[in-house]
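Take a look at the structure below.
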Amino acid sequence: MSPLTPLPPVPSLAQLRTAGINRNCWYGVAQSSEVRQKPVAVVLWGEAIALYRDGQGQVHALEDRCPHRHVKLSEGAVVGEAIACAYHGWQIGPEGSCTQIPYLDAGQKLPTCRIKTYPVREQDGFIWLFGGSGDGADVPLMGLPEWDHLNYIASWTTIDCPGHFSYLIENLMDMHHGHLHDNYQAWAEAQLERIDTQPQRIDAHYEAQSYYKIDKIWSVSQLFIPALRRLHPEPLTVSYIYPHWASSLGNDFKIYCLFCPVSPTHTRAYLIHFTSLNAFWRLHKLPIPFRRWVKNSLFNSARGLLDGLVRQDVAMIAQEQAAFLADPQRKGQEVNRAIAPVQRLIWQQSQS
Ligand code: FES
Ligand SMILES: [Fe+2]
């Protein structure tokens with residue numbers, strides 16, 4: 001943004017805490033392993049969606065509504081390429097049309113009903129759904145390049161948060177809340193150094209103290225043995241890449257948060273943590289099957305840490321949301337310079 005471009009306004013709290021989403025984005029709606037042959041119900045900003053994996057392993061997304069009597073398709077079963085509704089067994093295919101009715105009389109035609117379908121992609125361990133109109137082909141999908149990379153150990157968990165998504169992204173952009181997580185030794189003493197803003201992205205650069213340094217093979221044990229940890233300065237960058245979040249702490253850790261806002265008072269998200277093995281150049285000379293075995297054996301080893309952090313954050317966000325609902329006009333105080341640009345971006349996107 002040029003220095004002469006006027007900044008869009010910071011929304012009022014009442015606008016911000018009820019702001020909608022920009023549907024023309026790819027949202028992270030499920031982890032791949034959650035979508036098996038049984039349909040899964042997800043909600044993206046008020047739209048109920050049935051996700052399912054067909055007999056060929058392909059994932060599809062349909063409006064979660066049987067065209068017959070409007071019950072939830074997600075309570076049905078997968079039959080070949082279609083979902084068979086739980087009630088009368090009508091089969092609805094990936095195009096959203098009825099492909100079979102088990103009790104149709106000879107000579108009776110299938111009704112020409114059609115329900116909404118959504119473009120979905122399975123990439124980097126997650127199911128991404130495009131919530132807008134069109135196929136989303138020209139809309140960038142953030143992706144998690146570390147998910148399949150042999151040099152990164154992945155862990156993931158879900159966030160189910162009784163609050164508007166603005167509270168969650170502000171929590172993730174305001175690194176001064178390391179205080180809340182002191183007992184988990186996540187990071188400490190963050191100082192905001194610089195903020196970069198682009199039309200759909202905000203990067204907040206902090207300098208922080210990290211407890212972990214993953215530079216020798218045995219240093220991985222710091223992840224399990226707190227006495228081995230030593231505070232040392234590391235750059236901590238957090239980025240709002242609308243509608244998602246990405247961060248890095250030094251060279252050793254990357255964390256992503258994939259947002260799936262459900263309603264103005266409910267946000268689901270996925271938190272994905274990567275520990276880098278980049279420093280272990282000797283490991284990289286070993287055969288790929290062995291490196292894959294190392295990666296797979298350590299998969300989800302940070303799950304307990306993530307769940308602990310999420311519990312603490314969600315408890316705070318629930319209180320923020322409750323306080324807003326109790327008095328939507330009451331203003332708070334803010335000193336973190338990264339928050340106003342985040343609020344502007346939320347508002348701008350909600351209007352597009
Ligand atoms: S309601 Fe779905 S088949 Fe009748
Ligand atoms: Fe946190």
State, to one decimal in nm², a quarter of the convex hull surface area for the C-alpha atoms of the range 95-162, i.e. the direction-averaged projected area. 8.9
Suppose only helical runs count, i.e. DSSP H with n ≥ 4. What mean residue ellipticity at 222 nm does that imply for the chain under -39500 (n - 2.57) per run, divided by all residues and rounded to the nearest 500 deg cm²/dmol? -5000 deg cm²/dmol
Using alpha carbon positions and the Kirkwood radius, the Rg to Rh ratio of the chain is 1.02
Over the range 26-130 - Rg/Rh using Cα atoms and the Kirkwood inverse-distance radius: 0.98
Per the Kirkwood formula over distinct C-alpha pairs, the hydrodynamic radius of the range 123-281 in angstrom is 16.9
Three-way shape call for the range 191-255 based on the alpha-carbon gyration tensor, with the a/c threshold at 1.5: prolate
In whole Hz and in residue order, list the ³J(HN,Hα) couplings for the range 39-47 that follow from phi through the Karplus curve 6.51 cos²θ - 1.76 cosθ + 1.60, θ = phi - 60°; x for Gly and Pro. x, 10, 8, 10, 10, 10, 6, x, 9
Between Asp215 and Ala48, what is the spin-label point distance in nm, taking each point 7 Å from the Cα along the Cα→C-beta axis? 5.5
According to a simple spin-label model (label point 7 Å from Cα along Cα-to-Cβ), what is the distance in nm between Ile241 and Asp182? 3.4
Set Lys38/Lys213; Lys72/Lys331; Lys38/Lys109; Lys254/Lys285 screened for pairs whose C-alpha atoms are more than 32 Å apart: Lys38/Lys213; Lys72/Lys331
As an exercise, use a Förster radius of 35 Å and the Cβ-Cβ distance of Asp148 and Arg114 to find the FRET efficiency, rounded to the nearest 0.05. 0.45
If one computes the Cα centroid of the range 58-73 and of the range 209-286, what distance in Å separates the two points? 37
May I ask you to list, by number, the DSSP H helices of the chain whose Cα span along the axis is at least 18 Å and whose average Kyte-Doolittle hydropathy reaches -1.0 or more? 303-326
By the rule of no other cysteine beta carbon under 4.7 Å, the lone cysteines of the chain are Cys25, Cys98, Cys113, Cys161, Cys257, Cys260
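No value in this document is a laboratory result; all are computed from the given coordinates. The structure presented is a predicted model; accordingly, all values stated were derived computationally and were not measured. Using ideal geometry, Cβ is built from the backbone for each residue, glycine included, and neighbour counts are taken over all protein chains shown.
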